[in-house]
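Data first, discussion second: the structure below is written as structure tokens.
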Amino acid sequence: IDNDGNFGIGGRINLPHLGAGSYNSVTKDYEYNQGIVYATLSHQRYRTLLERRDNFLEVRLSGKIVEENSRVGIFGKRKPTVMDLLTDIGRAKEDKTIKGILLRIDSFDMGLAKTQEIREAILDFKKSGKTVIVFMEYGGNKEYFLATAADKIVMLPSGYLSLTGLAAKVTFIKGTLDKLGIVADLEHIGDYKSASDLVTRESMSPAHREVVNSLLDDFYDQMTSQIAEEKGWSQEETKSKIDMGPFTATEAWKQDLVDTLLFYDQIDELIKKEIGTKTRRLALQAYRKQSNYKYSWAIPPKLAIIFATGSIT
């Protein structure tokens, strides 16, 4: 309405990628002035009540999970990064069309710090009241550690859980160099500076062993305490179960390490039982291609991320 009393009225109906509406102007004397009817088309998603809200996002973790974007060669595929996964999970947490996440965990290659970061993102996702279900065929310590963030852990009946605790292997090649007649000449400053031990010793020094054991103890304490918290066990009970490993799928189920044994094609029925309604599986790659229509004309603030990867010298 304007200062003279003239006014306009309109309406619009949105589908996810289509829209239709009308706008009409009326004078202050309630006489029809003019109007338009329009239709819109967008590759971005409009806000609408007429969209599926039963999606279950399928996220698969497998192979090397890198820190920084990288592509080998012109035709090489871009590898997913930790930041990609964190962004996907955070977006799905706020997305009303996503009911939960099906996390398929295969053997992956990433350190404990990255595993913890993704695990914390899963726990944060669950705070929205949505469900997380993990499906595993097999896995080790890190895979199971991540899986315990879920509401349900499902394992293939013929699967295998190599949950055995942490260990470290240290290589020494001085004996090999001796056979070749090579003497490594390096300065060794301080008991705990063990980098040169690789070529100057045949076994671990007491200080080197102390450092390695200290790191393993710290990692193991974090892993077992966080598993215990999610499973409702004491930390000692958790350690006791790990000492019994490795496990076949049936043994893992009997020890309550996994919740149920199912084949992959049975997962949808389990999700329906957990959610209370039938859901549609949505692949992560397809979800990443979806973008929401930006209603604001303002330029949003941006955060730049600088990756510092590789050796520090």
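The values are calculated or read from the model by the stated rules, or taken from the named source; none is laboratory data. None of these values were measured; they are calculated from a predicted model. Backbone-built Cβ (ideal geometry, glycine too); neighbour counts: all protein chains shown. Accessible surface areas use protein heavy atoms only, side chains included; no ligands, DNA or RNA. Shrake-Rupley method; radii C 1.70, N 1.55, O 1.52, S 1.80 Å.
Only helical runs count toward this figure. For the chain, summing -39,500 (n - 2.57) over DSSP H runs of n ≥ 4 and dividing by all residues gives -9500 deg cm²/dmol at 222 nm. Restricting the chymotrypsin sites (Phe, Trp or Tyr not before Pro) of the stretch 1-106 to loop positions (DSSP other than H, G, I, E, B) with no more than 13 neighbouring Cβ atoms within 10 Å leaves 30, 75. Between the helical axis of 82-94 and the longest alpha-carbon principal axis of the chain there is an angle of about 40 degrees. Backbone phi angles across the stretch 274-286, fed through the Karplus curve with coefficients 6.51, -1.76 and 1.60 (θ = phi - 60°), yield HN-Hα couplings of 6, 7, x, 7, 6, 10, 10, 6, 10, 5, 4, 4, 5 Hz in residue order; Gly and Pro are listed as x. Split the accessible area of the chain by element, probe 1.4 Å, and carbon with sulfur accounts for 53%. Using only side-chain charges placed at the Cβ, +1 for Lys and Arg and -1 for Asp and Glu, the dipole size of the chain relative to its Cα centre rounds to 1240 debye. For the stretch 216-313, the set of trypsin sites (Lys or Arg not before Pro) satisfying both a DSSP loop assignment and a count of at most 11 other C-beta atoms within 10 Å is given as 278, 294, 302.
Projection of the Cα convex hull of the stretch 206-246, averaged over all directions and equal to a quarter of that hull's surface, yields 3.3 nm².
Net charge in the neighbourhood of residue 228 (other residues with Cβ under 12 Å of its Cβ; Lys, Arg +1, Asp, Glu -1) is -2. Were the residues from residue 312 through residue 20 laid out at 0.36 nm apart, the gain over their Cα-Cα distance would be 99.4 nm.
Sparsely packed loop sites in the stretch 178-273 (the GluC sites (Glu not before Pro) outside DSSP H, G, I, E and B with at most 16 other Cβ atoms within 10 Å) comprise 187, 202. Pairs from the list 96/273; 79/114; 79/231; 99/254; 239/272 with a Cα-Cα gap above 23 Å: 79/231; 99/254; 239/272. Against the chain, whose longest principal axis comes from its Cα atoms, helix 112-126 is set at around 30 degrees. DSSP finds beta bridges in the stretch 90-158, and of those with both partners inside it, around 0 percent are antiparallel. Taking square-rooted eigenvalues a ≥ b ≥ c of the alpha carbon gyration tensor, is the stretch 63-217 rounded, prolate or oblate, where a/c under 1.5 means rounded and, failing that, a/b exceeding b/c means prolate? Prolate, since a/c reaches 1.5 and a/b exceeds b/c.
Listed values [x] 1.43; [y] 1.25; [z] 1.16 include one computed from this model; for Cα Rg over 2.2 N^0.38 Å that value carries the label [x]. Between helix 206-231 and the chain there is an angle of about 40 degrees, using the helix long axis and the longest principal axis of the Cα atoms. Entry comment: accessible area of the chain is 63 Å² per residue, from protein heavy atoms only and a probe of 1.4 Å.
Separation of the stretch 220-234 and the stretch 86-142, taken as the distance between their Cα centroids, equals 17 angstrom. Anisotropy class assigned to the stretch 180-313 is oblate, per the alpha carbon gyration tensor with a/c at or over the 1.5 cut-off and a/b no larger than b/c. Modelled spin-label separation between residue 52 and residue 217, with each label point placed 7 Å from Cα along the Cα-to-Cβ direction: 5.3 nm. Using every pair of alpha-carbon atoms in the stretch 143-258, split the distances into 10 Å bins beginning at 0 and state the percent of pairs per bin, rounded to integers. The percentages, shortest bin first, are 12, 32, 20, 18, 14, 3. Measuring between their Cα centroids, the stretch 31-63 and the stretch 237-293 lie 30 Å from each other.
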